1. Taking residue A:104, is it modelled with pLDDT of 95 or more and more than 14 Å from chain B (Cβ to nearest Cβ)?
2. Against the definition (in contact (Cβ under 8 Å) with a residue 60 or more places away in the chain and either closer than 21 Å to residue A:18 by Cβ or out of contact with any Cys (no Cβ under 6 Å at 6 or more places or on another chain) (or both)), how does residue A:105 come out, yes or no?
3. For segment B:54-72, state whether one or more residues are within 14 Å of chain A (Cβ to nearest Cβ), surrounded by fewer than 21 Cβ atoms within 10 Å (Cβ to Cβ), more than 11 Å from the chain's Cα centre (by Cα) and under 24 Å from residue A:95 (Cα atoms).
4. Pull up segment A:1-43, narrow it to residues that are at pLDDT below 95 and in a loop (DSSP other than H, G, I, E, B), then point me to the one that is surrounded by the fewest Cβ atoms within 10 Å (Cβ to Cβ).
5. Could you say whether any residue in segment A:53-66 is more than 10 Å from chain B (Cβ to nearest Cβ) and either out of contact with any strand residue (DSSP E or B) (no Cβ under 9 Å at 6 or more places or on another chain) or part of a strand (DSSP E or B) (or both)?
6. Tell me which residues, restricted to segment B:1-28, are closer than 24 Å to residue A:54 by Cβ, away from chain A (no Cβ under 14 Å) and surrounded by 12 or more Cβ atoms within 10 Å (Cβ to Cβ).
7. Against the condition more than 30 Å from residue A:37 (Cα to Cα), surrounded by fewer than 21 Cβ atoms within 10 Å (Cβ to Cβ), under 11 Å from the mean Cα position of the chain (by Cα) and at pLDDT 95 or above, how does residue B:33 come out, does it pass?
8. Among the residues of segment A:108-145, write down those that are more than 7 Å from every other protein chain (Cβ to nearest Cβ), within 30 Å of residue A:24 (Cα to Cα) and in contact with a strand residue (DSSP E or B) (Cβ under 6 Å, 6 or more places away or on another chain).
Amino acid sequence: MSSHIEQQTFDPWQAIVDHQQQSALANQFGATASFIGSMRDFNDNTDVSHMVLEHYPAMTQRYLIQLEQQAKQRWNLLDTLIIHRVGDISPAEPIVLIACWSAHRRAALDACSWLIEELKHNAPFWKKETREDGERWVENNTDGL
Amino acid sequence: MSIQVKFFASLRETIGVGDTTINHAGSAGEVWDIATDKADRPINVLVAINLEYAQFTSPVEDGDEVAFFPPVTGG
């Protein structure tokens, strides 16, 4: 299990490869499920040119560790990885990576889906967008549909 | 001893301060009243005590860290 905050942009695909290659259980992996969330250049039908992601550092780190522990208790997972950006973000840059490894597909797929929903609803991050009409704090996450 | 108080994101900008310290309070709600000089509390404000989600009725003790913030929007 691993979770951390990134201050700079990162390559989520390379992070998955790196984590998998370094895992002691790599030979047992039968399934890898991943979710990558990226910044859009629009929101609510308005262009968004830039975003700042703020967080509550101590609580964020603690919460992400708890999330991974809960997922591992709930599903038969071999490994998990969570990376979340903070700071200045531009359109198309990754915001969050969640990856789950298991022997069979269902555990990895279900845990990955659960982790991103829990993170979006509870992890203490906040987005501030720069739009044509100025800066604005995002007040609610989308419903994911 | 004292209670550390934090405000994040839009709430920090509304209140005008990110970190402050108060001497004593019995509950998270009382922490809000003292730290904000009884500012109106938006209905959707969340509270955490020592890095865990809590209620405004939750008790606080000297040495605690109490944080107030708006609904989260990460991911």
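The values are calculated or read from the model by the stated rules, or taken from the named source; none is laboratory data. Model, not experiment: these values are computed from the prediction. Positions of Cβ are backbone-derived with ideal geometry, glycine not excepted, and every protein chain shown enters the neighbour counts. Accessible surface areas use protein heavy atoms only, side chains included; no ligands, DNA or RNA. Shrake-Rupley method; radii C 1.70, N 1.55, O 1.52, S 1.80 Å.
1. So residue A:104 fits the description; yes.
2. Values: in contact (Cβ under 8 Å) with a residue 60 or more places away in the chain: yes; either closer than 21 Å to residue A:18 by Cβ or out of contact with any Cys (no Cβ under 6 Å at 6 or more places or on another chain) (or both): yes.
Judged against the criteria, residue A:105 is a match.
3. There is at least one residue in segment B:54-72 that is within 14 Å of chain A (Cβ to nearest Cβ), surrounded by fewer than 21 Cβ atoms within 10 Å (Cβ to Cβ), more than 11 Å from the chain's Cα centre (by Cα) and under 24 Å from residue A:95 (Cα atoms).
4. Per the criteria, the residue is A:24.
5. No, that holds for no residue.
6. Step one: list which residues in segment B:1-28 are closer than 24 Å to residue A:54 by Cβ, which gives B:3-22, B:28.
Next, from what is left, pick out any that are away from chain A (no Cβ under 14 Å): B:3, B:16-17, B:20-22, B:28.
Hits for segment B:1-28 are B:3, B:17, B:20, B:22, B:28.
7. Against the criterion (more than 30 Å from residue A:37 (Cα to Cα), surrounded by fewer than 21 Cβ atoms within 10 Å (Cβ to Cβ), under 11 Å from the mean Cα position of the chain (by Cα) and at pLDDT 95 or above), residue B:33 qualifies.
8. Correct list: A:108, A:109, A:111, A:112, A:115.
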